[in-house]
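Q: Starting off with a structure, shown below.
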Amino acid sequence: MYARNCSKGSDMAAKPPAGDPVQDAPQVAPPQHAAAGLPAIGHTLRVAQRQMGIVRTARTLLKVNQKNGFDCPGCAWPEGDERHTAEFCENGAKAVAEEATLRRVTPEFFAAHPLADLAARSGYWLGQQGRITEPVYLPPGGDRYEAVSWERAFAIIAEELRGLASPDEAVFYTSGRTSNEAAFLFQLFVREYGTNNLPDCSNMCHESSGSALNETIGIGKGSVSLEDLHQADLIIVAGQNPGTNHPRMLSALERAKSSGAKIISVNPLPEAGMERFKNPQTPLGMLKGTALNDLFLQIRIGGDQALFRLLNKLVIEAGGATDEAFIREHTHGYQEFAAAAGETDWDATLAATGLTRPEIERALAMVLASERTIVCWAMGLTQHKHSVATIREVVNLLLLRGNIGRPGAGVCPVRGHSNVQGDRTMGIFERPAPAFLDALDREFAITSPRTHGFDVVRSIQALRDGEAKVFFAMGGNFVGATPDTEVTEAAVRRASLTVHVSTKLNRSHAVTGRRALILPTLGRTDKDTQASGKQFVTVEDSMGMVHSSRGNLAPAGPRLLSEPAIVARLARAVLGEASKTPWEEFERDYSAIRDRIARVVPGFEDFNARVARPGGFRLPHAPRDERRFPTLTGKANFTAAPVEYPRVPAGRLLLQTLRSHDQYNTTIYGLDDRYRGITGGRRVVMVNPEDAAELGLADGAYTDLVSEWRDGVERRAPGFRVVHYPTARGCAAAYYPETNVLVPLDSTADTSNTPASKSVVIRFEPA
Ligand SMILES: Nc1nc2c(c(=O)[nH]1)N[C@H]1C(S)=C(S)[C@@H](COP(=O)(O)OP(=O)(O)OC[C@H]3O[C@@H](n4cnc5c(=O)[nH]c(N)nc54)[C@H](O)[C@@H]3O)O[C@H]1N2
Ligand SMILES: Nc1nc2c(c(=O)[nH]1)N[C@H]1C(S)=C(S)[C@@H](COP(=O)(O)OP(=O)(O)OC[C@H]3O[C@@H](n4cnc5c(=O)[nH]c(N)nc54)[C@H](O)[C@@H]3O)O[C@H]1N2
Ligand SMILES: [Mo]
């Protein structure tokens, strides 16, 4: 079979569509070797003032991550116990500015911009239009959205949901900004309605971490706190770009270094933040900065399982280097693992890493010199076919030397969206644990469905195949963030109804079912007042700390509803009198929701009282707290999977799709990627100069990227500027979401089913 798939959607177009003033014309300078510092502050204030003006900028930025303020809608990195006046980073400030912008998208805007116009715009342009102020509806056959009342909007959804042959024909997606309160109500409503079809952004993000950690240590969350990072001897940062995506993490790494920690970073790219950090909180930091990396391992994409296996083999062979008491008392499967590690073929495995033996030996020496080791990771480890096996191999390394469940040591998957971890804790999951459903059923006298629901990839397949007909999104940008853009967009267009609860416009609003609704909602920075008075919500950070968040700005418009209010009203419209759940009370007073969470979700006992304490509270974590491992064996499990790595045919490179410095996932803040030296455009492909020479790709040349997959379908992203860049040999890098069109829907990680968006085999064709 051979088919040609040339992208037409605006997010993928080679040139901006006619009428879209955003010009993509990348300029290239050498990459930088330090992150943050003065330029970051200037940049922050410029971006913030452009969106919010001076007064609002000051009022807003001073409240970010304060104990009486709101949780930054940027990343999920935790706040320390002592807070600075400015407890935010450049990219957190951009996330805040995007939300607290003074620009507005009103019903008049929709009257002036028919759907076809929205569909022709870039994601950047859509996001720049501002906050959505009123619910709008696209009727069947309509050419544009029109204003609609909330009552009518909920009635339309109820009519569609009630008309389905089965509740399993509806899909309810969640992005990771949703608060604990909203998430808990959302999953309750969806289960009362009758389905577990609760896919979320986590399916595309840290699902591989959850799968690997659940199996090996018995809980799918990280085991370290900020204090642990400060106390570590060795921190390995693998597959993560904290300078851009978790800038506040650099302060923690700096502090660890000042107490003597060593840092190894494992990455195909030399990311500026890991090279040198100029701490904006200290004068000396601003001037000189701190070099963070002690060792940079420039791994080949997908070579991490091989690297960690080689390290493990060497640790075992070193003799006396393993923590025998810990292994005996707390682990299972050591003998099998040691045997498998012993048999590892050195040359083939080393080739997969792209590293040299001396480099591995330097890393080994650092591992052996460390009594307290932490491994941090993000998307560079989770978005490959063999991601779950890779993360299990990371766990093996930590188990060998007893580096879990003691201070300064452990696993640290660094989460993305600010409440993605909390949403999962609240039950946003297509494969919920029976114990969770039992507790939910007991509390609300309902019968939750027990069959597993659809994750993100299965949801797209179900929409494509007509198995699912209604698509409802609690935030996010489903068609922008998911793989195989053309397949996904066609799938979503088959729906009878698409609904988006959103703060701002994005591509998903332009790709609709037969009917569509946009429901505008409050963001983190907005004041939330309900019948019982001013409300706050709660979130859980990447390290299991739960704390409150309260916005202080006048909402973007008088007709916005909060997410809990939207779910409560939707539930009443859909479930009617049959539901005995007190939805009205939940909308009136969120502490009533928290009382229920306290009775359903373990670790939230006495929730309202404990979250009232400044800084909040830490959720229990058996491996960290008591070296107890609630796995199937009752011990921490060594696992001995065969070593895998991507095979790339001659003349092809392995493409990773990643973030620039000026974006938050599909929200594009600007066209620059400052640390990588790229400005004014996003359609670039970074290629090692030696590979480029072999492939005849001159710096500055324009090329189409064509992905090759076993289904024989040719996926093409046209018009990328070649940038010679110091990435590992055999590897290439380009930005997401422009390159999502290249990621095949069926190319996913084993077990976790996460799209393999960091392992795309591509060839180049002159544009
Ligand atoms: N400003 C900002 N902050 C964000 C986000 C944002 O878009 N903008 N997104 C948020 C979200 S949802 C998430 S999940 C996180 C994402 O945070 P990251 O995971 O840091 O994001 P990516 O840009 O995808 O970067 C992946 C990193 O892994 C490296 N990498 C790629 N392939 C491999 C590999 O095979 N092996 C190794 N060892 N490394 C590899 C890349 O070179 C890059 O440095 O950030 C969160 N924070
Ligand atoms: N190729 C490729 N694809 C990827 C990735 C990759 O690295 N490469 N990364 C994946 C990852 S890690 C993730 S997490 C996903 C992200 O997937 P999503 O979470 O679906 O995408 P976002 O771009 O974060 O969603 C942005 C939209 O959320 C809405 N929004 C913002 N704040 C709020 C709020 O407070 N409430 C509500 N209701 N809506 C709000 C706005 O309308 C905004 O346009 O993308 C994944 N896709
Ligand atoms: Mo993410």
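The values are calculated or read from the model by the stated rules, or taken from the named source; none is laboratory data. As the structure is a prediction and not an experimental result, all values here were calculated from the model. Cβ sites come from the backbone with ideal geometry, for glycine too, and all protein chains shown count toward neighbours. Heavy atoms of the whole protein, side chains included, go into the accessibility calculation; ligands, DNA and RNA do not. Shrake-Rupley method; radii C 1.70, N 1.55, O 1.52, S 1.80 Å.
Q: List the helices (runs of 4 or more DSSP H) inside the range 405-477, counting only whole elements, that have at least 1 residues being over 26 Å from the mean Cα position of the chain (by Cα).
A: The helices (runs of 4 or more DSSP H) meeting that bar are 434-444.
Q: Hey, another quick one. Output the residue which, of all residues in the range 188-209 that are in contact with a strand residue (DSSP E or B) (Cβ under 8 Å, 6 or more places away or on another chain) and open to solvent by 10 Å² or more (accessible area, probe 1.4 Å), is farthest from ligand 3 (Cβ to nearest atom).
A: 193
Q: Still on this model: Quick check on my filter: what residues within the range 84-121 are at pLDDT 95 or above, open to solvent by less than 30 Å² (accessible area, probe 1.4 Å) and either under 23 Å from residue 417 (Cα atoms) or in a loop (DSSP other than H, G, I, E, B) (or both)?
A: The one that is at pLDDT 95 or above, open to solvent by less than 30 Å² (accessible area, probe 1.4 Å) and either under 23 Å from residue 417 (Cα atoms) or in a loop (DSSP other than H, G, I, E, B) (or both): 121.
Q: List the number of the failed condition for residue 354; all other conditions in (1) out of contact with any strand residue (DSSP E or B) (no Cβ under 8 Å at 6 or more places or on another chain); (2) within 30 Å of residue 660 (Cβ to Cβ); (3) surrounded by fewer than 20 Cβ atoms within 10 Å (Cβ to Cβ) hold.
A: So the condition that residue 354 fails would be (3).
Residue-by-condition table, conditions (1) buried (at least 24 other Cβ atoms within 10 Å of the Cβ); (2) part of a strand (DSSP E or B); (3) out of contact with any Phe, Trp or Tyr (no Cβ under 9 Å at 6 or more places or on another chain):
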| site | (1), (2), (3) |
| --- | --- |
| 704 | no, yes, no |
| 714 | no, yes, no |
| 721 | no, yes, no |
| 738 | yes, no, no |
| 741 | yes, no, yes |
| 750 | no, no, yes |
| 757 | yes, no, no |
| 761 | no, yes, no |
| 764 | no, yes, no |
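Q: Continuing with this model, one more query. Whether any residue in the range 242-253 is modelled with pLDDT of 95 or more and away from ligand 1 (no atom under 16 Å from the Cβ) is what I want to check.
A: No, the range 242-253 contains no residue that is modelled with pLDDT of 95 or more and away from ligand 1 (no atom under 16 Å from the Cβ).
Q: For the structure I just gave you, tell me whether residue 260 is at positive phi and assigned to a loop (DSSP other than H, G, I, E, B).
A: Yes; evaluated as a whole, the condition is true for this residue.
Q: List, please: which pairs have Cβ atoms under 8 Å, are six or more places apart or on different chains, and start with a residue in the range 376-401 that is under 12 Å from residue 240 (Cβ atoms) and in contact (Cβ under 8 Å) with a residue 24 or more places away in the chain and end with one that is among the charged types (D, E, K, R) and in a helix (DSSP H, G or I)?
A: 380/304; 381/304; 382/207
Q: Looking at 653, 658, 671, which is the one that is hydrophobic (A, V, I, L, M, F, W, C), within 16 Å of ligand 3 (Cβ to nearest atom), in contact (Cβ under 8 Å) with a residue 12 or more places away in the chain and buried (at least 20 other Cβ atoms within 10 Å of the Cβ)?
A: Only one candidate qualifies: 658.
Q: On to the next question. Among the residues of the range 317-338, are any open to solvent by 10 Å² or more (accessible area, probe 1.4 Å), within 16 Å of ligand 1 (Cβ to nearest atom) and among the hydrophobic types (A, V, I, L, M, F, W, C)?
A: Within the range 317-338, not a single residue is open to solvent by 10 Å² or more (accessible area, probe 1.4 Å), within 16 Å of ligand 1 (Cβ to nearest atom) and among the hydrophobic types (A, V, I, L, M, F, W, C).
Q: Would you point out the residue of the range 279-312, among those that are among the polar types (S, T, N, Q) and in contact with a strand residue (DSSP E or B) (Cβ under 6 Å, 6 or more places away or on another chain), that is modelled with the lowest pLDDT?
A: Among those residues, the one meeting the criterion is 290.
Q: I need the full set of residues from the range 122-147 which are farther than 13 Å from residue 503 by Cβ, assigned to a loop (DSSP other than H, G, I, E, B) and hydroxyl-bearing (Ser, Thr, Tyr), in order please.
A: 122, 145
Q: Consider residue 158 carefully, then state whether it is farther than 11 Å from residue 505 by Cα, under 28 Å from the mean Cα position of the chain (by Cα), open to solvent by less than 40 Å² (accessible area, probe 1.4 Å) and not β-branched (Val, Ile, Thr).
A: no
Q: Is it the case that some residue within the range 324-337 is in a loop (DSSP other than H, G, I, E, B) and either within 16 Å of ligand 3 (Cβ to nearest atom) or more than 19 Å from residue 228 (Cβ to Cβ) (or both)?
A: The answer is yes, given that some residue of the range 324-337 is in a loop (DSSP other than H, G, I, E, B) and either within 16 Å of ligand 3 (Cβ to nearest atom) or more than 19 Å from residue 228 (Cβ to Cβ) (or both).
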